[in-house]
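Asker: Following this message is one structure expressed as structure tokens.
Bear in mind these aren't lab numbers, they're just calculated from the coordinates by the rules spelled out. No experiment lies behind these values; they were computed from the predicted model shown. Reconstructed Cβ throughout: ideal geometry from the backbone, glycine too, with neighbour counts over all protein chains shown.
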Amino acid sequence: MGGATASAFIVPTVLGGRTLAVAVRVADGEASVTSNAVSVTIKPLLPPVLRFTISPSVIEYGQKVTLLADAEPSECGGRATIRFSASDGTISGNIFDSSTVRSTERSVRITANATDQKNSASSGKFVGGGAL
């Protein structure tokens, strides 16, 4: 980090997946000393791996179905939170309720979103219906 004058520095995260060499140079008047370089590996921030299923995938109007999803966080992202949304009907927690679907002759898109502690996200969509 050329020109750094503080006692600490922040390595830019946009360089994810690379290794940087860092050395410290101390100068006092005309004398200076430079340390040996150390390698700092910056791991890439990847989105969580989301697995999302609905079973059964076709239900009758008025039925409820459990939405099954889990997210494996990346090494750098931290714990992931999963949220569901639907183009119609209602979702409470991980239960989809078809009793509030406006038309029984339509497909409903259900989406699972996984967001980790660094705001890296992934999503999975399921479109089902026709029997609603």
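Asker: Straight-line reach from Lys118: which aspartates and glutamates have Cα under 12 Å away, leaving out those fewer than 8 places along the same chain?
Answerer: Filter leaves Glu75.
Asker: Counting other Cβ atoms within 10 Å of each Cβ, which chymotrypsin sites (Phe, Trp or Tyr not before Pro) in segment 45-132 have at most 16 and sit in a DSSP loop?
Answerer: Tyr61
Asker: Shifting gears a bit: Going by amide H atoms built from the backbone, whose H comes under 5 Å of the H on Cys76, apart from near neighbours?
Answerer: Answer set, sorted by chain and number: Leu46.
Asker: Lysines within cross-link reach of Lys64: Cα-Cα under 21 Å, excluding same-chain residues under 8 positions apart?
Answerer: Filter leaves Lys125.
Asker: What's the exposure ranking of Val101, Val22, Val38, going from fewest to most Cβ atoms within 10 Å?
Answerer: Taking fewest neighbouring Cβ atoms as first place, the list is Val38, Val22, Val101.
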